[in-house]
Amino acid sequence: MGIKAIHVYSARLPYREPFRIALGTSIESHNIIVHVITDFEVDGWGEASPSQRITGETPQTVIEALDRIAPKLIGMCPLRIEQDIEAMDKIVAGNTSAKAAIDMALYDILGKVARRPLYRVLGGYRTKVFTDFTLGIKSPEEMAKDAVKAVEHGFKALKVKVGIDPEEDVERVAKIRDAVGSEIAIRIDANQGWTPEQAVKTLRKLERFNVEFAEQPVKADDIEGLAHVRRNSNIPVMADETVHSPRDAMKAIRAEAVDLINIKLMKSGGILNAMKIAAVAEAAEIPCMIGCMGESTLGITAAVHLAAAVKNIQHADLDSDLLLKDDVVAEGKAELKDSFRIPPENPGIGIKSFNPEKLGKPVRIYGDVNAKQY
Ligand SMILES: [Mg+2]
């Protein structure tokens, strides 16, 4: 039982409208999709959505990493996931989005072998996942309008991007709270945009708008700053860019710098390490959220399975596919019902078919050249 071939696809997916956060603006998500084909008639799909600002990766570096990793994986057992990941880590450090794509495909295979949806194989704690909807940075008035639209669409929680200008950021949250009323949960994400002092002052001003938590107020590597904000804020502090790996989680927890941790498959290198982060955090009584970069419904559906499976993943921000104009997946995606994402009940991640014009032809083929293409 081994991996026979790995096919790689490149998909450029434009956003419905430019998506701005404190780190910059995106107009499209250029994702790399992998298809892992075994010699026992089961195959798996995974996706990399690289973010140069967060993991230093681009579509090109993902393909370059796969050029080195994929040939090594041919012939290895897809069910010995920890061994497969160790093999990848020995070849290249970092490159977590590239590794996440492979990891996701291996878990897809695991679910298909078990003939069960992935979330049931991984723990099956819940059957649907409450998610927020993210509002990119615009003027306070425009964001308030976007917030009303999201609530009309059924969302019960909003993640508000801030981190540009502390004064205006307060106005953003004030206008949004005023527009949506008191029943809707509001979280904020500054994406490293504030200094520790700005963060403390701004969070004090935001307290009266009932902000559920504040994500990554300060620079990713400023753990001291993060701890300072946490000590001086009544709004719980969540780490995102500060925590990529289980080791990062341990470091942030030891520094007493976090109340919550945001896990992303693209930062952790996939599901295996995401579960380890959730476990490290659980031991410290730190709840986790699962978020996303610019994944299509393929990567989002994988993350929905993980969020459904694991008790300590108590919050979710799984909405990037909703911000994209096009979708590579045709059937088998996690559906959206009001503020909930529902994992498909098909085996594995559950994707049944792709939109051929969005997926295109493979840009790389590793292993057995006679393996059947999708
Ligand atoms: Mg974030």
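Readers should treat all values here as calculations from the given coordinates under stated rules, not as data from a laboratory. Quantities reported herein were computed from a predicted structural model and do not represent experimental measurements. Note that each Cβ is placed from the backbone with ideal geometry, even for glycine, and that neighbours are counted across all protein chains shown.
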Sort MET76, MET293, MET266 so the one with the fewest other Cβ atoms within 10 Å of its own Cβ comes first.
-> MET76, MET293, MET266
Between LYS352 and LYS138, what length comes free when the chain is fully extended (0.36 nm per residue of separation minus the Cα-Cα distance, one decimal in nm)?
-> 73.4 nm
Before rounding to the nearest 500, sum -39500 (n - 2.57) across all DSSP H runs of length at least 4 in the chain and divide by the residue total; then give [θ] at 222 nm in deg cm²/dmol.
-> -11500 deg cm²/dmol
The aspartates and glutamates whose Cα lies under 15 Å from the Cα of LYS138, excluding any fewer than 8 residues away in the same chain, are GLU17, ASP146, ASP165, GLU167, GLU168, ASP169, GLU171, ASP189
So what is the diffusion coefficient of region 168-286 in µm² per second by Stokes-Einstein at 25 °C and 0.890 mPa s, using a Kirkwood Rh over Cα pairs?
-> 169 µm²/s
Counting every C-alpha pair in the chain, the percent lying more than 40 Å apart is 11 percent
Per-bin percent of Cα-Cα distances, region 120-342 [10 Å] | 9, 35, 37, 18, 1
Counting other beta carbons within 10 Å of each Cβ, put ASP221, ASP103, ASP146, ASP317 in order, fewest first.
-> ASP221, ASP146, ASP317, ASP103
Contour minus Cα-Cα span, LYS311 to LYS145, at 0.36 nm per residue, comes to 56.3 nm
DSSP-defined antiparallel bridges as percent of all bridges, the chain, nearest 5 = 60 percent
If each part is reduced to its alpha-carbon centroid, region 245-285 and region 66-94 end up apart, in Å, by 22 Å
Subtract the Cα-Cα distance of ASP368 and ALA284 from 0.36 nm times their separation in residues, and report this length gain in nm to one decimal.
-> 25.7 nm
The pairs in LYS128/LYS276; LYS311/LYS337; LYS72/LYS159 lying past 32 Å Cα-Cα in this model are LYS72/LYS159
